[in-house]
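Colleague: Structure in structure tokens, see below.
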């Protein structure tokens, strides 16, 4: 029997990237072992760090790896280098695509649509761009997506720039796109509160994937 | 015996995928279900797992290269001592295992920790990328050319046969071709190597291509003799499987069945099949996919009788009858074909057939069908009807597709390939109109939109 239960974690404090990555892996392994195990959703923020996908080009990292100032992680996801930091809302979804649609392109487009809905709730009108996965406000990127998958069980997810130090993106070529401009949600709507955005992220994931959430 | 690793379809629109990384080196031991490589499409990547225990013998497409969906990208062998021979045959196909590859692996192991790397490693990574930009031929052309030059007359062989010959080290000049005009086919290579032919003698086909000579309107020569389990004058006891089949067949006498038939034109389906066949797609997988997609729109035809009323299964699982060489038959089940792409479905089917012949199927792999297909097309039969298996509502009998003179609605006459199908259904749950409209939609799908069967 398919389990529609999803464990949801929404820490208020800043979380270390590695801890959450390990947690995701545990839930992914759980679902690989037994499909009746719960899905896992994580919504939160990370300390400043840079992550690379398994196929990432190190040339897009504009600082030396010897530079101990920066945390760099190589993880199981597609796409090029990106950056996480406080003020950026990160969401991970560990779920079994066999219960939805065994199609990674479908999943990427669905995540884009969800982000557009989330931002639309706050009157920020965004769009996707063909061939440039992510969500864009005019020519600026406001949300990034990176997915890993094993036996159709996903890992990682998406990040939305809420109110973060966009200068941190200058130390990389984000997603391998030269001269990529980035934007924050707060640039378009001053009266936002990150807790409110988290609530909407949760609500829209619940609606789109029809999960029964259990908080942990 | 080597097993191929294919480029998987990560989505219905994907035509090719990029190999991000091989997680195993040639010679490494792999377990069934263990990740062997990572494939990327857009911003998503996926681990590709081994289908069996064994050893990674050859990497045919290096990290960084792209390959079309369904292409063979690596080879797995069951025994360690086979590695050397497979590697020898694929020399020139494999990217060199250099220190940079090893370094990459080391850096992977540290992925849980902040990656402490230096500029040297960065350079090595670039080397790997550069090296892999060179396209690698999927078979060793040198070997084939050499074989072809050795003889005075031209050797005609199918592309798959050439590829297999180079992989298995078979000299094409010494192989007797069984195809049209002595063309060497994949089976001939397998036979020459003394390996079992991977295509079962039943359960595969439905395409007129499998009946040589039928296009000419001439009866094809029957090479195989009919089955017999005993000698004249003997009475041979039923084996367990035959007994089980007898029981199932007898129980159908209590079911009020009716039959309804349809003639389906397969010209488009055959053309589509020709295109995807090279990617390992089987006709059975195509037919299963078409039936499952149509059943999705006709849940009544997927239902069955129970004491409490009409029972609608949660899933669509298609069982396909496969005759066993030593008597009896078994119905391996392709589960939820609508959720599996055509390439994976074909692989699942080949795996099921192989394991059913060696009697290694788990009960849920042959007893969970909600609808059954029986295909005798490969024998050239023009029509037949099937007996309903217990616990299900309907079974579809599929005959051969044959060139037929057709009178069209505008008064013109043309020759089309026509395949007759015949549905047997339990009238307590499925009525004539249900069966008829199911067949009408199935015919429409096969006749007009075979391309949609990919996903």
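Colleague: For segment B:57-76, enumerate the residues that are under 15 Å from residue B:41 (Cα atoms) and crowded, with 21+ Cβ neighbours inside 10 Å.
Modeller: Result: B:63, B:69, B:70.
Colleague: Being within 10 Å of another protein chain (Cβ to nearest Cβ) and either over 19 Å from residue B:57 (Cα atoms) or in a loop (DSSP other than H, G, I, E, B) (or both) is the filter here; which residues of segment B:21-38 pass it?
Modeller: Answer for segment B:21-38, where residues must be within 10 Å of another protein chain (Cβ to nearest Cβ) and either over 19 Å from residue B:57 (Cα atoms) or in a loop (DSSP other than H, G, I, E, B) (or both): B:23, B:33.
Colleague: Which of the residues belonging to segment A:58-79 are more than 7 Å from chain B (Cβ to nearest Cβ) and more than 26 Å from residue A:105 (Cβ to Cβ)?
Modeller: Scanning segment A:58-79 gives A:59, A:61, A:62, A:63, A:67, A:68, A:69, A:70.
Colleague: Also, I was wondering about something else. Pick from B:352, B:345: which is within 14 Å of chain A (Cβ to nearest Cβ), under 20 Å from the mean Cα position of the chain (by Cα), closer than 26 Å to residue B:70 by Cα and assigned to a helix (DSSP H, G or I)?
Modeller: Of the residues listed, the single one that is within 14 Å of chain A (Cβ to nearest Cβ), under 20 Å from the mean Cα position of the chain (by Cα), closer than 26 Å to residue B:70 by Cα and assigned to a helix (DSSP H, G or I) is B:345.
Colleague: For the structure I just gave you, tell me whether residue A:15 is within 15 Å of the chain's Cα centre (by Cα) and either more than 26 Å from residue A:151 (Cβ to Cβ) or facing another protein chain (nearest Cβ under 8 Å) (or both).
Modeller: Yes; evaluated as a whole, the condition is true for this residue.
Colleague: Something else: How about segment A:45-57: which of its residues are surrounded by fewer than 19 Cβ atoms within 10 Å (Cβ to Cβ) and either within 11 Å of chain B (Cβ to nearest Cβ) or on the phi > 0 side of the Ramachandran plot (or both)?
Modeller: Matches in segment A:45-57: A:49, A:57.
Colleague: Residue by residue through segment A:2-35, note down the ones that are assigned to a helix (DSSP H, G or I), without any contact (Cβ under 8 Å) to a residue 60 or more places away in the chain and surrounded by 13 or more Cβ atoms within 10 Å (Cβ to Cβ).
Modeller: Across segment A:2-35, the qualifying residues are A:18, A:21, A:23, A:29, A:30.
Colleague: Let me ask something else. All but one of (1) buried (at least 23 other Cβ atoms within 10 Å of the Cβ); (2) within 23 Å of residue A:112 (Cβ to Cβ); (3) within 22 Å of the chain's Cα centre (by Cα) hold for residue B:12; state the number of the condition that does not hold.
Modeller: (1)
Colleague: Among the residues of segment B:39-63, write down those that are facing another protein chain (nearest Cβ under 8 Å) and either on the phi < 0 side of the Ramachandran plot or in contact (Cβ under 8 Å) with a residue 60 or more places away in the chain (or both).
Modeller: Passing the criteria: B:40, B:41, B:43, B:44, B:45, B:46, B:47, B:49.
No value in this document is a laboratory result; all are computed from the given coordinates. Here the structure is a predicted model, which means the values were calculated and not measured. No Cβ is skipped: glycine too gets one built from the backbone with ideal geometry, and neighbour counts run over all protein chains shown.
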